[in-house]
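What follows draws every value from the coordinates through simple rules; no lab data is involved. Remember, it's a predicted structure, so these values are computed and weren't measured experimentally. Reconstructed Cβ throughout: ideal geometry from the backbone, glycine too, with neighbour counts over all protein chains shown.
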């Protein structure tokens, strides 16, 4: 069960002392060298995998390169994510260029679509009316949403806990589709830039595979690559908010500190966890300070935890495996009313 927070005072004063402390320790200052090195290493890794596909050629052994490509594509997505939050640079034009390169060009995923959706999520996490991540779609997150399901979607909801990770295998392709569909929403100038880069990605990806592999092997490579890429992203994003508090749209309005802390969950771990989850394991700190550079999140954590303890605000942190258990348990409980009663 999620601990319930006591009523919040009607002011923003809860967050202000923490913000002053974090600023005073320089934790909001950019880490240009750290990001430049990370971007260069990731680009080199991607180039090595692509070169490997060309050199191995038309062989089933080429499929062994799909998993590392999926991993480094996830790293690419994390860089685009950080660019969208101005963690890499405070210059909006430069941040957009980094985002377009890592999102549209390298991944075939619309930077503008992701940024719009993700910023709305950050503004109101887990808010059923305002957070696009908890809108009823393939999955639902509340009993009220589940009650309106019918037909095939009702079956999905009944079994959504079991289907969650299998469904993430489709996320790599879904992200590309969402990007192309979102072009209709964008202004003409942005649509041309984003659309050109998306088409360039698809053309380059298809050319790489079809000139190096037979059609059957190319299709198998693409399927494996996108499935593992989607799974990796699902593993990174699933623990963050599922099963945490969901603000009552008609209830008391939380301040920034409580809105971000009570709806987020941190994941314990070391360097490997930080790397695998792209720093998103410090979800509470990331939501409180979206522009904070990734390497500073772990440094801010003790400050945030101590501040929450002082105010009596629950600070959720658990292990990686248990975070998945909690998230899936929430999805299972939401679908429970739709399952046949056991005799």
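Observations
- With Cα atoms, 0 to 90° folded angle of helix 215-237 axis to the chain main axis: 20
- Summary of the geometry: region 206-245 and region 105-153, compared by the centres of their Cα atoms, lie 20 Å apart.
- Exposure proxy for 200, 33, 263, 168: other Cβ atoms within 10 Å of each Cβ, ordered fewest to most, give 33, 200, 168, 263.
- Residue with peak Gaussian network fluctuation, the chain [Cα springs, cutoff 10 Å], from 198, 188, 277: 188
- Shape category assigned to region 87-226 from the gyration tensor of Cα positions, a/c cut at 1.5: oblate
- Using a Gaussian network model of the chain in which every pair of alpha carbons under 10 angstrom is joined by a spring, one finds that among 295, 187, 17 the greatest mean-square fluctuation is at 187.
- Principal-axis tilt of helix 32-56 within the chain, Cα atoms, nearest 10 degrees: 40
- Order of 164, 141 - criterion: other Cβ atoms within 10 Å of each residue's Cβ, fewest first: 164, 141
- On Cα atoms only, tilt of 188-212 relative to the major axis of the chain in degrees: 50
- Order of 310, 285 under a 10 Å beta carbon neighbour criterion, fewest first: 310, 285
- When the Gaussian network model of the chain links Cα atoms closer than 10 Å, the mean-square fluctuations of 44, 228, 209 top out at 44.
- Helical mean residue ellipticity (222 nm; -39500 (n - 2.57) per DSSP H run of 4+; nearest 500) of the chain: -19000 deg cm²/dmol
- Gyration tensor verdict on the chain (Cα atoms; rounded if a/c is under 1.5, prolate if a/b is larger than b/c, oblate otherwise): oblate
- Region 184-343: C-alpha gyration tensor shape, a/c 1.5 cut-off, then a/b vs b/c: prolate
- Dividing the mean sequence gap of close Cα pairs (under 8 Å, 6+ apart) by how many residues the chain holds gives a relative contact order of 26 percent.
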